[in-house]
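Participant: Starting off with a structure, shown below.
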Amino acid sequence: MTEPLRIGIAGLGTVGASVVRVLHEKAGQLSRQCGRDIIVTAVSARDRLRVRGVDVSAMTWFDDPEAMAKGAPIDVLVELIGGDSGPAEHCVRSALAAGRHVVTANKALLARHGVSLATMAEERGVLLNFEAAVAGGIPVIKAMRESLSGNTVSRVFGILNGTCNYILTRMEREGISFDACLKDAQRLGYAEADPTFDIEGNDTAHKLAILTSIAFGTQAAPDAIYLEGISNISLADIRAAKALGYKIKLLGVAQKTPAGIEQRVHPTMVPEASVIAQVDGVTNAVAIETDILGELLMVGPGAGGNATASAVVGDIADIAKARPGFQHAPAFGHPAKTLQPCPKAEMRSHAGGYFIRLTVHDRIGVFAAIATRMAQNGISLESIVQHNPDDDASDVTRKTVIMVTHETSEAAIRTATAEMLEDGHLTDKPQVIRIERAG
């Protein structure tokens, strides 16, 4: 049998400990599948004394992950530290420079430095695998990078953050406020103590940047993504969506247009009967639209130790199966030197229209003034209704106005709502949510 594949794991949090456990429990099965043993020989973490539920006593301990990447007797570095710089970046670059394969779950690192890391890997003839960086246990990276060769992708979109999907699901099903749902998510380990990265859409944006690069052969450009999180979604929005036959989901969307690549992350109303509306809880979903295959939808666990560990172990197994002399597949599906700068396209007219919720002073002329501002900006209304605010039905000084538009542009909506604020008719910032008619 071929020599064992020696693994060094940097980061022994929930995912790292799960990877160690899975590699131990599945050692025989992996050996048969790969034709060689897979052995964890070195580990690195900040706290040696932390109880992790796995035995690492037989492994060489490194306090410095970069030292492990450079000098440990390993063939593969598994980076599970996180962050787009610092120890994570340093140890990955050191491992690649030393001619070692790298497996990482670090979407922030890849979104920021993916092209240069892929270039290093290709120059040294080693693999840079990152299935766990996007959508947890769903094998979307491998599908896009390998199985969809020959297909031209026109659009990729999906639910890419389990924390946000969990919160929106609880709000819709149980009528619980955003803040209460967030506290529960933190208590259950679905959200960090500082949840900003998740709930404001940054996590989804990093994952979308990676998918965009693979789909369209471009350099990852997270700063080119329009970004809007879910922290301003209220129960009033959830209830209004339900009354209109929709659910609210945080979607990441990338699509090719004549003007370039449009990338956006924002809350979206999707029809209750659509497949993606049924994706609830911490589950993720990725849809890929192509010219040959049509639309492919992949759904599965998007977070957690087991889901992420499954993807990491799959990447390790691919390296174990690789044989000397064979050309490795490019990390982003295209040779790194061919990845072009991502041509940013402004958001086009939205075919599904928009949901707009306004809280206004209850006085004569407000309704007419709102309708006038919409008309002045060329916005056609499908419906407009008003009622008392959901948070205080006894408040007779203000009303909630809910409008649904026909297809219109982002600029027109933003201009109209800004003008309404300047007119002094609104008591709060307008809520604007895009509507997807299908998907």
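The values are calculated or read from the model by the stated rules, or taken from the named source; none is laboratory data. Predicted, not measured: the structure shown is a model, and the values here were computed from it. Ideal geometry is used to build each Cβ from the backbone, glycine not excepted, and the neighbour counts take in all protein chains shown. Quick note on the areas: whole protein, heavy atoms, side chains included, nothing else; ligands and nucleic acids left out. Shrake-Rupley method; radii C 1.70, N 1.55, O 1.52, S 1.80 Å.
Participant: Can you pull the percent of the chain's accessible area that's carbon plus sulfur, 1.4 Å probe, other chains left in place?
Facilitator: 51
Participant: Now a separate question. Return the single residue from HIS425, HIS406, HIS387 with maximal mean-square fluctuation; model: Gaussian network over the chain, springs between Cα atoms under 10 Å.
Facilitator: The residue that fluctuates most here is HIS387.
Participant: Do any GluC sites (Glu not before Pro) in the range 199-287 lie in a DSSP loop with no more than 15 other beta carbon atoms within 10 Å, and if so, which?
Facilitator: GLU272
Participant: Among LEU77, LEU421, LEU227, which one shows the highest mean-square fluctuation when the chain is modelled as a Gaussian network with alpha-carbon springs under 10 Å?
Facilitator: LEU421
Participant: So if R0 is 41 Å, what FRET efficiency would ALA259 and ASP194 give, r being the distance between their Cβ atoms, rounded to the nearest 0.05?
Facilitator: Given R0 = 41 Å and the Cβ-Cβ separation, E is 0.65.
Participant: Under a GNM of the chain (C-alpha, springs under 10 Å), which listed residue has the highest mean-square fluctuation: ALA98, ALA285, ALA209?
Facilitator: ALA98
Participant: What is the projected area of the convex hull of the Cα atoms of the range 1-72, averaged over all directions, in nm²?
Facilitator: In nm², the orientation-averaged hull projection of the range 1-72 is 4.9.
Participant: Run through all the Cα pairs of the range 92-235 and give the fraction in each 10 Å bin from 0, expressed as whole percent.
Facilitator: 11, 35, 31, 17, 5, 0
Participant: Provide the FRET efficiency to the nearest 0.05 for the LEU235-GLU3 pair, computing r from the beta carbons and using R0 = 45 Å.
Facilitator: That gives a FRET efficiency of 0.15.
Participant: To the nearest 0.05, how large is the calculated FRET efficiency for ALA27 and MET298 if R₀ is 30 Å and r is the Cβ-Cβ distance?
Facilitator: 0.60
Participant: Can you give the percent of C-alpha pairs in the chain whose distance is more than 41 Å?
Facilitator: 23
Participant: In terms of solvent-accessible area of protein heavy atoms at a 1.4 angstrom probe, what is the ranking of ASP47, ASP223, highest value first?
Facilitator: ASP223, ASP47
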